[in-house]
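Report on one structure; see the data block that follows.
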Amino acid sequence: MKKRIWGIILLVLGVLVSLQVLGVYELGLAFWPVVLLLLGILILSESISFGLVSWITLGLGLWVGGIGLFGILSNAGATGISGSDIARFGWPLVLVAIGLSMILGDRNLFFRRLFYRHETDRVDWDGYKQVRHIGDLYHGRAPWTLDQNLEFFHGIGDVVVDFTTAEIKPGTHHVYLKAGVGDVTIRVPAGVNVNIDASVGIGELEVFGEQKSGIGGLSIKRVLKADDADATIQLEARMGIGDMKVIYMPAIPGETK
């Protein structure tokens with residue numbers, strides 16, 4: 001689905017650019033910076049995948065996207081740096097990326113070891129799985145039912161998982177979330193048992209008011225027991241770069257929303 005959406009966007013832009021270049025229809029718009037920016041974002045989204053990094057596509061995406069971004073900003077008069085400046089001086093990024101790929105391997109485990117150093121061996125389970133490489137993910141915007149195990153895999157963007165809008169069935173529900181770059185917010189309701197193992201590679205981590213920040217694998221484990229609760233949420237959450245916040249609703253004293 002993602003490739004189809006990108007394909008439609010690039011197809012439309014390609015047709016519009018062709019019409020203007022051929023003089024068939026003059027739109028009076030500078031399409032090239034927009035095309036390059038979108039191509040850069042597309043390349044970047046493919047370069048990072050849950051802790052694995054393709055150095056070549058990462059460098060290429062930053063270069064191409066930078067040309068488009070600064071082309072747009074310079075046309076708008078927001079900066080004196082133009083897209084052509086990035087094209088001239090940014091290409092060494094590609095050489096650095098090629099060198100790193102030759103030394104470390106194109107898709108290496110360095111970032112996986114850094115970001116997910118606290119990850120334990122996990123047996124796959126049956127249940128609902130959602131995968132998104134780029135964009136925002138919001139699970140629980142409308143009332144829903146938690147009656148199975150959940151898995152969320154997200155590349156770049158913000159993630160919100162809201163259990164406060166769910167009807168939580170009795171039993172133990174395993175929830176596994178892994179995100180690459182962005183912000184993660186998880187809301188947990190009172191009245192259920194909660195067992196949380198959360199970690200962030202680089203950024204900030206807050207679980208029920210306990211906070212950590214820095215570089216090198218932040219980890220917090222918490223267990224909450226609710227009186228007469230017949231349901232348990234077993235949550236394992238992993239974040240690469242960004243902020244993760246697990247909020248108890250209603251809030252625990254000292255916890256920020």
TRP91-ALA78 pseudo-label distance in nm [points 7 Å out on the Cα-to-Cβ vector]: 2.7 nm
How high is the FRET efficiency between ASP230 and THR165 when r is their beta carbon distance and R₀ equals 25 Å, given to the nearest 0.05? 0.85
To the nearest 20 Debye, how big is the dipole of the stretch 120-249 about its Cα centre, given +1 on the beta carbon of each Lys and Arg and -1 on that of each Asp and Glu? 200 debye
Provide the FRET efficiency to the nearest 0.05 for the LYS212-GLN148 pair, computing r from the beta carbons and using R0 = 41 Å. 0.85
Rank-order 149-159, 165-175 by packing density, defined as the average count of other C-beta atoms within 10 Å over each peptide's residues, highest first. 149-159, 165-175
Where a ≥ b ≥ c are the square roots of the eigenvalues of the C-alpha gyration tensor, would you call the stretch 127-257 rounded, which needs a/c under 1.5, or, failing that, prolate if a/b is larger than b/c, or oblate? oblate
Kirkwood hydrodynamic radius (C-alpha pairs) into Stokes-Einstein, the stretch 192-231, 4 °C and 1.567 mPa s, D in µm²/s: 116 µm²/s
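Here, each number is a calculation from the coordinates, and none is a lab measurement. Remember, it's a predicted structure, so these values are computed and weren't measured experimentally. Neighbour counts are summed over all protein chains in view; Cβ atoms, including those assigned to glycine, are modelled from backbone coordinates with ideal geometry.
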